[in-house]
Amino acid sequence: MDQELIKYCEAEAQKWLSPAFDAETQAEVKAMLEAEDKSALIDAFYQNLEFGTGGLRGTMGVGTNRMNKYIVGMATQGFANYINKAFPNIQPAVVVGHDCRNNGRMYAETVAAIFSANGIKAYLFESLRPTPEISFAIRQLGAQAGVNVTASHNPKEYNGYKAYWEDGAQVLAPHDTGIIEEVNKVSIDDVKFEPNPDLIKIIGGEMDYDYMQAVHEALVDQDVINRQKDLNIVYSAMHGTGRVIVPLCLRSWGFQNINVVPEQMVIDGNFPTVVSPNPENAEAMTLGMKLGTKLNADLVVATDPDADRLAIVCRDPKGEWCILNGNQTALMLSYYIIENKKKLGLLNPTDFMVKTIVTTETIVEIAKKNNVEIRDCYTGFKWIAREIAISEGKQKYIGGGEESFGYLPYDKVRDKDAPASICLICEIAAWAKDNGMTLYDLLMKIYLDYGFAYQDAISVTKPGKSGADEIKQMMEDFRATPPTSLGGSPVVCVKDYKTLKMVNEGAESVIDMPTTSNVIQWFTADGTKISVRPSGTEPKIKFYVEVKGEMGCAKCYDSAVATAKEKVAAIKADLGL
């Protein structure tokens with residue numbers, strides 16, 4: 001082991017033996033220091049858990065590289081300092097929420113206490129609430145900022161801290177860097193942990209009602225729901241925050257046959273019924289599909305623990321369950337919004353949609369053919385929120401999403417919104433049934449009308465410091481020696497968002513984006529798109545592959561997928577994956 005690194009970690013750990021830390025924390029740190037194997041000590045102290053542009057996320061435990069009340073406390077003190085500087089002439093207010101994760105309530109109460117101790121009014125939700133409701137509440141209450149304690153779909157060992165600004169979106173420039181600067185100045189002795197009870201206001205049911213009313217604005221065609229009100233829906237909350245609000249929202253839209261997965265309606269931060277509470281993992285949908293089979297349901301829907309992401313399962317022509325991926329879900333939502341708003345005379349020339357750069361290009365085809373503006377942005381809903389903000393009062397946002405199972409079908413919220421998206425997916429299923437189709441049939445129709453494309457997401461996990469170094473080196477190698485051919489097709493265009501340069505068939509140009517990002521994209525002559533980026537929240541490097549193919553009829557789907565998978569396998573081999 002690196003002796004210099006061990007010495008550094010030991011010195012950092014010694015600081016956690018001061019009276020500023022409780023006895024339990026000190027005991028754990030002492031055990032790490034005294035252990036012969038220094039691996040745990042290094043992992044806990046080799047770096048500070050970075051307060052990035054979205055906040056914090058990490059595994060829970062003691063140490064500078066962990067989520068704990070002291071790291072949360074220092075982050076909140078820095079955030080409070082920035083808020084007070086940004087709003088010197090008013091008493092600022094913040095909204096504080098949390099999801100079902102272990103320690104979530106304790107962290108949220110710590111956050112509210114510190115804000116109140118710094119003269120900032122804290123609207124603290126009475127119990128766990130969905131991420132989109134936190135975003136909505138900031139705007140609804142006219143608050144200046146917000147914090148949501150959540151690690152979204154990460155494994156049970158994780159927790160996190162999302163920082164929001166007054167528009168209800170996660171913070172962007174210049175506030176992101178300003179907050180980070182303030183957070184980096186704070187030491188544990190600076191943190192004001194003692195609350196001012198007069199500045200903490202508990203909120204709950206009244207905000208649920210307002211949010212539910214807002215979700216109703218995503219509805220496109222009430223008549224189709226009225227005709228198909230008995231659509232058989234199975235819903236899973238995956239032990240999280242959607243357990244109350246999603247069934248309520250569905251009923252408010254007019255759906256009357258809503259069945260829940262009872263085992264997964266239990267609030268539990270250990271997520272006992274799933275390996276990982278991630279809608280991207282098919283395993284997480286097993287209980288929902290089992291109940292759907294028993295009840296002969298039309299579709300199965302689920303939300304992740306903080307109810308910003310959704311999962312959709314529909315029936316294929318054989319009656320078997322088919323899990324839609326995030327691209328297919330975004331594709332279907334975008335298609336329906338455009339097509340049916342157009343049919344109902346609700347589509348306006350100034351309407352626009354947004355997708356992230358790694359999301360399927362078929363959405364672009366749908367938008368273009370219907371004369372709807374479509375914009376590309378970076379991964380992360382704060383960038384979609386930015387597009388909404390810069391167009392407010394001039395153009396109307398009608399929908400947008402990303403491949404990672406996140407969608408926002410209206411402009412009342414500034415983050416991914418699973419309750420609203422699930423309600424709209426159920427409306428789409430009702431519309432499809434009204435027209436003699438299933439959701440699967442509708443997906444086939446979209447492919448036949450706009451072209452078939454297959455997507456695959458490959459995540460390579462590299463934990464710890466050595467993993468972070470390896471991921472960094474992989475990105476450097478890709479930039480130094482980019483591939484010339486992928487999957488048997490020559491690379492004709494390279495986009496590097498770190499330099500904002502594009503080389504298209506030898507011609508270099510500048511990419512028009514608001515800032516840089518550590519993402520590389522390769523486009524091949526046959527229409528394949530490969531995007532590479534390190535994860536901002538997990539020790540992973542991600543590869544997003546989209547290949548186009550031919551699909552002459554709905555029955556040709558399986559063969560088109562098989563051919564596409566062969567091409568993806570060839571691309572993976574070319575990249576050494």
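The values are calculated or read from the model by the stated rules, or taken from the named source; none is laboratory data. Everything numeric here is computed off the predicted structure, so don't read it as measured data. Because the Cβ atoms are built from the backbone with ideal geometry, glycine has one as well, and the counts that use them run over all protein chains shown. The protein model used for the area step is the full one, side chains on, heavy atoms only, and it has no ligands, DNA or RNA in it. Shrake-Rupley method; radii C 1.70, N 1.55, O 1.52, S 1.80 Å.
Rounded to the nearest angstrom and ordered from largest down, what semi-axes does the equivalent ellipsoid of the chain get from its C-alpha gyration tensor (root of 5λ)? If you can, show how the numbers build up before the last one.
On the way: eigenvalues 288, 178, 108 Å².
Largest first, the chain gives 38, 30, 23 Å.
In the chain, the longest principal axis of the Cα atoms and the axis of helix 557-575 are about 40 degrees apart.
Beta carbons within 10 angstrom, averaged per residue: use that to sort the peptides 398-409, 107-118, highest first.
Result, highest mean Cβ count within 10 Å first: 398-409, 107-118.
Take every DSSP beta bridge whose two residues both sit in the chain; close to 65 percent of them are antiparallel. Using heavy atoms of the protein chains and a probe of 1.4 Å, the accessible area assigned to Ser509 is about 50 Å².
For the stretch 3-89, with only Lys/Arg (+1) and Asp/Glu (-1) charged at the beta-carbon, what is the dipole magnitude about the Cα centre, in debye rounded to 20?
Values: 8 positive and 11 negative charges, 96 e Å.
In total the dipole reaches around 460 debye.
Just to check, using Stokes-Einstein with a Kirkwood Rh over alpha carbon pairs, what's the diffusion coefficient of the stretch 1-108 at 4 °C and 1.567 mPa s in µm²/s? This corresponds to a translational diffusion coefficient of 83 µm²/s.
The phi-based Karplus calculation (6.51 cos²θ - 1.76 cosθ + 1.60; θ = phi - 60°) puts the 3J(HN,Hα) values of the stretch 442-455 at 5, 4, 4, 4, 4, 4, 5, 7, 10, x, 7, 9, 10, 10 Hz, whole numbers, x for Gly and Pro.
The rule of thumb for compact globular proteins, 2.2 N^0.38 Å, goes into the C-alpha radius of gyration of the stretch 419-524 1.56 times. Each part reduced to its alpha carbon centroid, the stretch 354-385 and the stretch 272-306 end up 28 Å apart. Potential lengthening of the chain between Asp477 and Thr350 amounts to 41.4 nm, from the contour at 0.36 nm per residue minus the alpha-carbon distance.
Rounded to the nearest 20, the size of the Cβ-charge dipole of the chain about its Cα centre is 840 debye, with Lys and Arg at +1 and Asp and Glu at -1. Annotation for the stretch 14-31 versus the stretch 469-539: alpha-carbon center distance of 45 Å.
Legend: calculated FRET efficiency, Val510 to Glu217, from the Cβ-Cβ distance at R0 = 45 Å, rounded to 0.05, equals 0.75.
Per-residue surface analysis assigns Thr293 an accessible area of about 90 Å², computed on protein heavy atoms at 1.4 Å probe radius.
In the stretch 36-171, a dipole from Cβ-located charges (positive for Lys and Arg, negative for Asp and Glu) runs towards its positive end, and of Gln144, Gln47, Ala80 it is Gln144 whose Cα lies farthest in that direction. The phi torsions of the stretch 63-74, fed into the Karplus equation with coefficients 6.51, -1.76 and 1.60 and a -60° offset, translate into couplings of x, 6, 9, 10, 7, 7, 5, 7, 5, 4, x, 5 Hz, rounded to whole numbers, with Gly and Pro shown as x. With 0.36 nm allotted per residue and the present C-alpha distance subtracted, the Ala35-Leu248 stretch has 71.5 nm of extension available. Counting only DSSP beta bridges with both residues in the stretch 345-471, the antiparallel share comes to about 25 percent. Once backbone amide H atoms are built at 1.01 Å from N, Ile374 has Met353 as its partners under 5 Å, excluding neighbours fewer than 5 places away on the same chain.
What is the gain in length, in nm to one decimal, between Ala11 and Gln395 on full extension, counting 0.36 nm per residue of separation less the C-alpha to C-alpha distance? Spell out each step's value before the answer.
Details: separation 384, 0.36 × 384 = 138.24 nm, distance 5.48 nm.
Full-extension gain reported as 132.8 nm.
Working from label points 7 Å from Cα in the Cα-to-Cβ sense, the Lys498 to Val561 distance is 3.5 nm.
From the square roots a ≥ b ≥ c of the eigenvalues of the alpha-carbon gyration tensor of the stretch 519-562, which class results: rounded (a/c under 1.5), prolate (a/b over b/c), or oblate? The shape class here is oblate. Placing +1 on each Lys and Arg Cβ and -1 on each Asp and Glu Cβ, with no other charges, gives the stretch 427-577 a dipole about its Cα centre of roughly 360 debye. Scaling the Cα radius of gyration of the stretch 489-541 by the globular reference 2.2 N^0.38 Å produces a ratio of 1.21. Under a 5 Å amide H cut-off, with hydrogens placed 1.01 Å from N, Lys501 pairs with Asp496, Ile511 among residues at least 5 apart or on other chains.
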